[in-house]
Amino acid sequence: MAARSIASLSLTFGLVSIPIKLYSATEPSSALKFKLMAPGGALVRQTYVADSLPVETDEPEPIRAPPEPRSGPAARAGSPGIIDMPARRAAPTLDAAPVELKAPVSRSELVKGYEFEKGQFVLFTPEELNALQAESRQTIDIVSFIPSGSVDPIYFDKPYFLAPDNRGAKPYSLLLQAMRETGRCALAKWAWRSKEYMAQIRVADGGLVLQQLLYADEVRSIKALAIDLVPVGDAELELAKQIIAQSSADTYDPSAFVDEEKQRILEAVDRKIAGKEIVTHERHPSSTGGAEVVDLMAMLRASLAKPAPTADPGSIGKRKPSRRAAVPRPSAPASAGGKRVQR
């Protein structure tokens, strides 16, 4: 299968603009992936619940004395948009006193919070975060040329291949040859998928590689470990050098190594398939457009407080309308017994 480009961009240095195509240099799909399932083989879904259920009341908000001034980020805790997260409550039980219930939250209602101090958050809507994101650009701008090998590999992140686009072969080849003969690589800036990156562009066998780089605050310093290095003797050092010389190689051949754990897992998968240890999962479309989030404690309390609904005698014997012709109505949450609670 021919490689497919991710994007069409322009690589700029000086007044030269090179039309290029961007390709992923790695294959994450080669990693084995497992799905979370119930013991019987049913797929499970993720749901979101809030730590506490807000209680609506008609009572006016009590007037509170202004807090004492504080210094630092905590001084902003009483400002608009800043919330204090209460301590987690113990899980409620049927024989315990009434407590606040956990509230199901739909994905469309979710917002993001940044914890600037323990238990204190500032909230951002998706619109606010979108306004703060870097705007994607169609250019990769070279800012300087540095000696090849001067970037510590610890800063290397995801790699990409750069290939010339239409009418870009000549300037692309010129840049590659000039970098190869000068022994230089390029540092560049580019904005991709709402984030701005630093990147290294280096010469590879057959083309140019763009290596996405980590920022300094994303890499820890080994000096923080305070490793205690001790002196070694000359005789010990000579023996160590001899061992290194005996095990030395001129190049790294990645094809000489395989992921042994992956091979063991694939062999185990083949054995289970051969032994017919297979679970078939059929997806059934949901009439409500998604899985329903059920608060079990609330449903149990509602079942104890409300008598079971009885059937309408006048409805017995009447033909039910077709499900295709019926207007969809929001369904009530299911109780622990599997029945719908009448609203």
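The values are calculated or read from the model by the stated rules, or taken from the named source; none is laboratory data. Note that the coordinates shown come from a computational prediction; the quantities given were computed from them, not determined experimentally. Cβ sites come from the backbone with ideal geometry, for glycine too, and all protein chains shown count toward neighbours.
Of all residues in segment 9-27, how many are within 25 Å of the chain's Cα centre (by Cα) and at pLDDT below 90?
Taking segment 9-27 first, the residues within 25 Å of the chain's Cα centre (by Cα) are 22-27.
Filter once more, keeping what is at pLDDT below 90: 24-27.
Total meeting the criteria: 4.
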Legend entry - Lone unmet requirement of (1) without any contact (Cβ under 8 Å) to a residue 12 or more places away in the chain; (2) surrounded by 11 or more Cβ atoms within 10 Å (Cβ to Cβ); (3) under 30 Å from Val143 (Cβ atoms) for Val269: (3)
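Between Leu123, Leu129, Leu110, which is in contact with a strand residue (DSSP E or B) (Cβ under 6 Å, 6 or more places away or on another chain) and either modelled with pLDDT of 75 or more or among the polar types (S, T, N, Q) (or both)? Give the derivation first.
Working: Leu129 fails: in contact with a strand residue (DSSP E or B) (Cβ under 6 Å, 6 or more places away or on another chain); Leu110 fails: in contact with a strand residue (DSSP E or B) (Cβ under 6 Å, 6 or more places away or on another chain).
Of the residues listed, the single one that is in contact with a strand residue (DSSP E or B) (Cβ under 6 Å, 6 or more places away or on another chain) and either modelled with pLDDT of 75 or more or among the polar types (S, T, N, Q) (or both) is Leu123.
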Inset, instruction - Answer yes or no: is there a residue in segment 183-196 that is in a strand (DSSP E or B) and exposed (fewer than 13 other Cβ atoms within 10 Å of the Cβ). - result: yes
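Output the residues belonging to segment 137-172 that are assigned to a loop (DSSP other than H, G, I, E, B) and of a type in the set (S, T, N, Q).
Gln138, Ser148, Ser150, Asn166
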Legend entry - Residue that is aliphatic (A, V, I, L, M), loosely packed, with under 14 Cβ neighbours inside 10 Å and not in a strand (DSSP E or B), where the choices are Leu229, Leu175: Leu229
Legend entry - Ala204 vs. criteria within 15 Å of Leu22 (Cβ to Cβ) and crowded, with 18+ Cβ neighbours inside 10 Å: no
Inset, instruction - Output the residue which, of all residues in segment 174-207 that are in contact with a Pro (Cβ under 9 Å, 6 or more places away or on another chain) and touching a residue at least 40 places away in the same chain (Cβ under 8 Å), is nearest to Thr26 (Cα to Cα). - result: Gly207
Legend entry - Residue tally, condition within 30 Å of Tyr155 (Cα to Cα), outside any loop (DSSP other than H, G, I, E, B) and hydrophobic (A, V, I, L, M, F, W, C), over segment 244-266: 3
Legend entry - Test: residue in segment 132-143 that is exposed (fewer than 14 other Cβ atoms within 10 Å of the Cβ) and without any contact (Cβ under 8 Å) to a residue 24 or more places away in the chain: yes
